[in-house]
Amino acid sequence: MSFHLLKIELNSQLVLAFISLLGVIWALFLLIHERGNRLANKFLAILIFVLSIFVLRRIADINTSIFFQLTYFLSHAFVYLIGPSIYLYIKSLTESKIVLKKIWIHYTLWALAMLLMLFTFIFKEQILKTDNIEFLKILSIFLIITQVIHITTYIFYAKKQLKNTEKKLVRKQQTSISVIRFKWMEHLMIVAVIFGFLILLMHFLIITGGYYEINNSVDFLFLTMLCIIILNIIYKSWKQPEIISGIYKENYKYKNSQLSDTELKKLKSNLEVLIKTEEIYLIPELSLNQLAVKMNIQAHTLSQLINEHYNQTFFNFINRFRIEYAKNKIKEGEIINMTFEGIAYESGFNSKSTFNRAFKKYMNCTPKQYYKTLIKE
């Protein structure tokens, strides 16, 4: 191998190792993160960890150390973690109760495959010396077929679970959190389908023998897609904190609250006076604590009020009124005398970009597009 090719190979290994490490770190973060739906975060952590191991497996192809070789063997069993983790992640976000005792059933095949791969790793030299090559081929094909059926079945049921959730959202009023959550799950399902297709393609090429003819090209495609998927999941969950931290089980969160329904209704009335009469949402730096002080209550109590009665986070709740205010300004023709940025600041937003994102989130169009539809009407 020339020096130039060796340098490219080393650089590619470093990139793969970095992305794999990034995925493992994010998985660990999800495991220890105390906010949001912790059970769902654990399933997402498993998924990211497995994908990271698949990236790391590429290094094992050219590294003879025991760690990388063991990683290579065990990674074949990790395929059985993907389907259940996707399904249980979707299920834990869409259902209020998950029977923890039944979770292990979904990972039974993974446990059996782990034992098989450990046995194979320990006795790999003896296995390679065996004359019964036909048996090994049949065993490999059997594992490949079960992996494809396994992941395809779980993706199907996860998709079905998501479809049922969509029907529920149509029947009841959608909140910003439920919309963010549903869009994220839709996005994750697309990622799962793409990954499932890659697994299917890889296994098909292995069975037909085509993989060994275009080994490098297939590996490059597979690894590139894996890296994109890992970085995409990390970026999406980082960009929208609601995915990790903002998806709460509100009723459980406030189950020990001492406030009665009557007290909460009274607080709701006081809050609406501040919102509709004093238009307190127009204050750009308005925070949960500031509004709580204004209402002479604890910040936790105000958070409970907004979560339970409006099913929204504080900032989504405030931004909803800011957007309505901005819409009225645009309708009244204020845009003739001032810019969209001016309307953004007057509506309580700190920047035009934040205003545009919030507006598109609630209206499915930008302020400029909204203004154009008004002109056409």
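Are any of the residues in the range 144-165 part of a helix (DSSP H, G or I), at pLDDT 80 or above, over 28 Å from Ile234 (Cα atoms) and hydrophobic (A, V, I, L, M, F, W, C)? It would help to see each step written out before you state the result.
So the first thing to find is which residues in the range 144-165 are part of a helix (DSSP H, G or I), and the list is 144-165.
So of that shortlist, the ones also at pLDDT 80 or above come out as 144-164.
Next, from what is left, pick out any that are over 28 Å from Ile234 (Cα atoms): 144-146.
Going one step further and asking which of them are hydrophobic (A, V, I, L, M, F, W, C), we end up with 144-145.
Taking every residue of the range 144-165 in turn, at least one turns out to be part of a helix (DSSP H, G or I), at pLDDT 80 or above, over 28 Å from Ile234 (Cα atoms) and hydrophobic (A, V, I, L, M, F, W, C).
Mind checking whether some residue in the range 102-114 is among the hydroxyl-bearing types (Ser, Thr, Tyr), at pLDDT 85 or above and surrounded by 11 or more Cβ atoms within 10 Å (Cβ to Cβ)? Reasoning before the result, please.
Kept after step one, since they are among the hydroxyl-bearing types (Ser, Thr, Tyr), are these residues of the range 102-114: 107-108.
Remaining after also requiring at pLDDT 85 or above: 107-108.
Still in the running and surrounded by 11 or more Cβ atoms within 10 Å (Cβ to Cβ): 107-108.
Among the residues of the range 102-114, at least one is among the hydroxyl-bearing types (Ser, Thr, Tyr), at pLDDT 85 or above and surrounded by 11 or more Cβ atoms within 10 Å (Cβ to Cβ), which makes the answer yes.
Being in a loop (DSSP other than H, G, I, E, B) and either closer than 30 Å to Ile48 by Cβ or modelled with pLDDT of 80 or more (or both) is true for just one of Tyr248, Tyr235, Tyr252. Which residue is that?
Working: Tyr235 fails: in a loop (DSSP other than H, G, I, E, B); Tyr252 fails: in a loop (DSSP other than H, G, I, E, B).
One residue alone meets the criteria, Tyr248.
Quick check on the range 307-333: of everything there that is part of a helix (DSSP H, G or I) and without any contact (Cβ under 8 Å) to a residue 12 or more places away in the chain, which residue is nearest to Leu288 (Cα to Cα)?
The selected residue is Phe315.
Assess whether Ser85 counts as being of a type outside the set (A, V, I, L, M, F, W, C) and either at pLDDT 80 or above or not assigned by TED's automatic domain parsing to the domain that holds Ile144 (or both).
Working: of a type outside the set (A, V, I, L, M, F, W, C): yes; either at pLDDT 80 or above or not assigned by TED's automatic domain parsing to the domain that holds Ile144 (or both): yes.
For Ser85, the condition - of a type outside the set (A, V, I, L, M, F, W, C) and either at pLDDT 80 or above or not assigned by TED's automatic domain parsing to the domain that holds Ile144 (or both) - is met.
For the range 341-357, indicate whether the set of residues that are farther than 28 Å from Lys183 by Cβ, more than 31 Å from the chain's Cα centre (by Cα) and either in a loop (DSSP other than H, G, I, E, B) or among the polar types (S, T, N, Q) (or both) is non-empty.
no
Identify all residues within the range 77-99 that are touching a residue at least 40 places away in the same chain (Cβ under 8 Å), of a type in the set (A, V, I, L, M, F, W, C), under 16 Å from Lys42 (Cβ atoms) and assigned to a helix (DSSP H, G or I); write none if there are none.
Ile82, Ile86, Leu88, Ile90, Leu93, listed by residue number.
Give me a count of the residues in the range 274-289 that are in contact with a helix residue (DSSP H, G or I) (Cβ under 7 Å, 6 or more places away or on another chain) and not in a helix (DSSP H, G or I).
Number of matching residues: 1.
Hey, could you check the range 358-377 for residues that are part of a loop (DSSP other than H, G, I, E, B) and loosely packed, with under 13 Cβ neighbours inside 10 Å and say which is nearest to the chain's Cα centre (by Cα)?
Asn364
In this structure, is Ala292 in contact with a Lys or Arg (Cβ under 9 Å, 6 or more places away or on another chain) and assigned to a helix (DSSP H, G or I)?
No, not satisfied.
Which of the following residues is at pLDDT 85 or above, surrounded by 14 or more Cβ atoms within 10 Å (Cβ to Cβ), over 26 Å from Lys360 (Cβ atoms) and in the same structural domain as Asn356 (by TED's automatic domain parsing): Ala326, Ala292, Ala299, Ala344?
Numbers: Ala326 fails: over 26 Å from Lys360 (Cβ atoms); Ala299 fails: at pLDDT 85 or above; Ala344 fails: over 26 Å from Lys360 (Cβ atoms).
Residue meeting the stated conditions: Ala292.
Looking only at residues in the range 172-207 that are assigned to a helix (DSSP H, G or I) and among the charged types (D, E, K, R), which one is modelled with the lowest pLDDT?
Restricting to residues being assigned to a helix (DSSP H, G or I) and among the charged types (D, E, K, R), the top hit is Arg181.
The values are calculated or read from the model by the stated rules, or taken from the named source; none is laboratory data. Predicted, not measured: the structure shown is a model, and the values here were computed from it. Ideal geometry is used to build each Cβ from the backbone, glycine not excepted, and the neighbour counts take in all protein chains shown.
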